[in-house]
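The values are calculated or read from the model by the stated rules, or taken from the named source; none is laboratory data. None of these values were measured; they are calculated from a predicted model. Methodologically, a virtual Cβ is constructed for each residue, glycine included, from the backbone with ideal geometry; neighbour enumeration extends over all protein chains shown. Each accessible area value is taken on the protein alone, full model and side chains, heavy atoms only, with ligands, DNA and RNA left out. Shrake-Rupley method; radii C 1.70, N 1.55, O 1.52, S 1.80 Å.
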Amino acid sequence: DERIVFEITHGRDLPNVRADKQQLETVFMNLVTNARDAVLMSGRGKGSVTVRTKRATTQDVRTALKGLSIADIEDCDWAMISVTDTGTGMSQDIATKIFEPFFTTKLTGTGVGLAVVRETVRSHGGAVRVGVSSSGRGARFEIDLPAAT
């Protein structure tokens with residue numbers, strides 16, 4: 001949509017990850033489409049969606065996942081990917097439910113997109129979370145994927 005500025009910022013020296021390309025394409029299409037929809041629903045008439053990648057350490061990932069029940073964090077390099085929008089954002093109550101199957105905040109849709117995102121990322125040894133969100137101020141989703149060894 002021409003009302004949305006789309007930006008991609010790649011970090012340097014990113015590690016390779018072992019992943020199914022088609023599955024990860026589905027993950028990112030879900031996140032970017034949701035971000036686009038949130039911007040359009042904000043009523044501001046324009047906004048932005050930004051995808052960023054960066055290299056991370058195991059400690060970076062442990063710090064980011066603090067408070068989440070993640071079993072084992074592999075001791076390796078990590079790729080961190082974020083999708084940030086300037087859309088409607090969400091309350092803390094909504095943020096705790098968004099990865100549940102069939103939960104949706106949209107008038108149309110199945111509510112399975114973010115559940116699929118979570119399970120796909122987990123199947124690749126990674127984690128996904130809402131990095132930051134507040135009603136009316138946009139949201140950031142963050143994905144951590146372990147480097148291939």
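Its alpha carbons give segment 55-149 an Rg and a Dmax of 13.9, 43 Å.
Over all directions, the projected convex hull of the C-alpha atoms in segment 1-131 averages 8.6 nm² in area. A full extension of the chain between Glu100 and Glu2 corresponds to an added length of 32.1 nm, given 0.36 nm per residue minus the alpha carbon distance. Charge dipole of segment 54-149 (Cα centre as origin; +1 on each Lys and Arg Cβ, -1 on each Asp and Glu Cβ, all else neutral): 320 debye, rounded to the nearest 20.
With both labels modelled 7 Å from their Cα along Cα-to-Cβ, the Arg62 to Met41 distance reads 3.7 nm. Of all lysines in the structure, those lying under 30 Å Cα to Cα from Lys106, and not within fewer than 8 positions of it along the same chain, are Lys21, Lys46, Lys66, Lys97. Helices in the chain, meaning DSSP H runs of at least 4 residues, each add -39500 (n - 2.57). Divided by all residues, the mean residue ellipticity at 222 nm is -8500 deg cm²/dmol. Note that segment 98-143 shows a convex hull volume over its alpha carbon atoms of 66 Å³ per residue. Give the cross-link partners of Lys54 among the aspartates and glutamates, using a straight C-alpha distance below 13 Å as the criterion and excluding same-chain residues fewer than 8 apart. Within reach: Asp13, Asp77, Glu142, Asp144.
For the peptides 15-25, 52-62, the ranking by mean Cβ contacts within 10 Å, running from highest to lowest, is 52-62, 15-25.
The label point for Ser134 and the one for Val112, both projected 7 Å from the Cα toward the Cβ, are 3.6 nm apart.
Here segment 10-100 exposes an accessible surface that is 49 percent carbon and sulfur, computed with a 1.4 Å probe and the other protein chains kept in place. Using a probe of 1.4 angstrom and keeping all protein chains present, the accessible surface of the chain works out to 60 square angstrom per residue.
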